[in-house]
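Okay, so here's the structure we're looking at.
FYI, it's all coordinate maths here, none of it is from the lab. Note that the structure is predicted; figures quoted are calculated from it, not measured. Note that we place each Cβ from the backbone using ideal geometry, even for glycine, and neighbour counts take in every protein chain shown.
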Amino acid sequence: MSHSDLSKSVNELIESHGVPRREVYLDHENSGMVFPEALEAMVGAYKSSGRGHPSISHLIGWVSYQSLYEATERVASAINCSPEELVYTHSGSEANNLAIMGSIGVSPNRKKIVVSSIEHLSVMFPVEKFRKYGYKVVKIPVNEEGFIDLDILSRNVDGETLMVSVASVNHEIGTIQDMKAIVDIVRDKDEGILIHTDACDALGKVPLDMKKLDVDLASFSSHKVYGPKGVGVLYVKDGVKLEPILYGQVSTQKLWPGVENVPAIIGFSKAVDMMYTNFSEFTSRMANLRDRLISGVLSNVEHTLLNGPRGNLRAPDNVNISFLYCEGEALTVELSMNGIYVSSGSACTSRILEPSHILLAIGRRYEEAHGSLLMKTSPFHTVDDIEYVLEVLPKAVGRIRSLSPIRHHMR
Ligand SMILES: Cc1ncc(COP(=O)(O)O)c(C=O)c1O
């Protein structure tokens, strides 16, 4: 389908949708609301301090450089690292790509990459690409809650290993990995192995201290902390060498060419600041709403399964539930008609309509993975929002099930 055909049909969808009586946005996996404070900081920056090129020698350039540096200091202080250890990209996906592809150029003799079987596609795809060039890729299995098998990890890490990459928090099922145990195992085997963590879903949701975490590389994404889209960051520990993967005119950073999006970075830094300044209040609010939503759905809708762990081992915002005998995409549309915005499966996989590799890795069957909904609470939500979802969702599931030919299999 061409872009113009697609645009026409999207237009028809928007027109036929109508205006819902109430809206609850729970699709923070794909893209989120932005803190008003972050937006205000960005608008201010576009008007003044951020409009210049931060590496050009005139007053506007210097002011832009100064505000970029102050923003970076804010982010660095929230996660306890130095501003010099942060490299801006334009997304979390780019940060993951830089971490993986940039380290291959530095240690071409190490030919093994070890990842968990539930990594984000922006880790999985670059890693798969290197299989073609003779690299061995080992995917470590996880248990039914998404925790990596530490014995299998230990058995697969050796002197040949270039990198171990495990996400601190899984974006789909919310599993908070024991990163200390993972880092200890890898460091015990060989000090030369690079440890990367995709921390896009950890930032702002769990305490992060880069010194204590002791990884070499960590990726972050602005829109996952209610900052603007289009900013990613790679933490590169002091002394760790990476090769650039893009080339061109460099600005203030050697590893990523092009001019930095200073206003967006300022918005991102404000969002990080908001998350960590209000950490206890925000995380406990998100977790309360998460638990209310999980228990409300599991007790009121039959044939449902929670994906991922419970309690403190789960990200405070993450709700992922499989609705058996129900098509996740159809349910997403039905909920949208009622002003409730969620995603079915993961962001990336929902677009290609493949079941999530993460749900399959934790042992869900194909149809259980297909009938899953991913919802993320946020500091913006209220109890009333969740009550509205709990009022609408069971009816929506009932309606989709009543239209489905597989309803005859329900007991
Ligand atoms: C764990 C994880 N890694 C990477 C990404 C990619 O980040 P971005 O959307 O900024 O490319 C996401 C985004 O949803 C994510 O959740």
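Values computed for the structure shown
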read-out: The chain: angle of helix 262-277 to the longest principal axis, Cα-based, in degrees nearest 10; value: 70
read-out: Rough spin-label spacing in nm, given labels placed 7 Å along Cα→Cβ, for residue 57 and residue 40; value: 3.8
read-out: Potential extension, residue 143-residue 399 segment - 0.36 nm per residue separation minus Cα distance; value: 88.8 nm
read-out: Other-chain or far-sequence residues with amide H under 5 Å of residue 31's (modelled H); value: none
read-out: Cut-off of 10 Å, at most 15 other beta carbons, DSSP loop: longest stretch of the chain lacking such chymotrypsin sites (Phe, Trp or Tyr not before Pro); value: 248-411
read-out: Sparse-neighbourhood loop sites, trypsin sites (Lys or Arg not before Pro) in the range 1-89 - DSSP loop, at most 16 other Cβ within 10 angstrom; value: 21, 22, 51
read-out: Estimated inter-spin distance, residue 382 and residue 30, nm [label 7 Å along Cα→Cβ]; value: 2.6
read-out: For the range 37-42, 3J(HN,Hα) per residue [Karplus equation, 6.51 cos²θ - 1.76 cosθ + 1.60, θ = phi - 60°, Hz, x = Gly/Pro]; value: 5, 5, 4, 4, 5, 5
read-out: Which listed pairs, of 112/180; 237/376; 212/237; 111/189; 132/254; 139/229, have C-alpha distances above 20 Å, in listed order; value: 112/180; 237/376; 132/254; 139/229
read-out: With Cα atoms, 0 to 90° folded angle of helix 383-403 axis to the chain main axis; value: 60
read-out: Residue order, fewest to most surrounding Cβ atoms within 10 angstrom, among 298, 255, 6, 26; value: 6, 298, 255, 26
read-out: Nearest-20 debye value, the range 221-300 charge dipole, Cβ charges on Lys, Arg, Asp, Glu; value: 140
read-out: On Cα atoms only, tilt of 92-104 relative to the major axis of the chain in degrees; value: 50
read-out: Neighbour-count ranking [beta-carbon atoms within 10 angstrom, fewest first] of 103, 356; value: 103, 356
read-out: Local electrostatic count at residue 164 - Lys and Arg +1, Asp and Glu -1, tallied over other residues with Cβ under 15 Å; value: -3
read-out: Sites residue 22 and residue 158 - FRET efficiency at Förster radius 60 Å, r taken between beta-carbons, to 0.05; value: 0.60
read-out: Lys/Arg +1, Asp/Glu -1 at C-beta; the chain dipole; positive extreme among 196, 390, 77; value: 196
read-out: Sum of side-chain charges, residue 292 neighbourhood, beta-carbon under 15 Å (Lys, Arg +1; Asp, Glu -1); value: -1
read-out: FRET efficiency estimate (nearest 0.05) - Cβ-Cβ, residue 47 to residue 366, R0 56 angstrom; value: 0.60
read-out: The chain, dipole about Cα centre (Lys/Arg Cβ +1, Asp/Glu Cβ -1), debye to the nearest 20; value: 460
read-out: Segment residue 299-residue 259, length gained on full extension (0.36 nm per residue, minus Cα span); value: 9.3 nm
read-out: Theoretical gain in end-to-end length, residue 14 to residue 243 [0.36 nm per residue, Cα-Cα removed]; value: 78.0 nm
read-out: Estimated 222 nm signal from helices in the chain, with DSSP H stretches of n ≥ 4 weighted -39500 (n - 2.57), rounded to 500; value: -13500 deg cm²/dmol
read-out: Separation in nanometres of the label points that stand 7 Å from Cα toward Cβ, at residue 280 and residue 250; value: 4.3
read-out: Relative exposure of 182, 245, judged by other C-beta atoms within 10 Å (fewest first); value: 245, 182
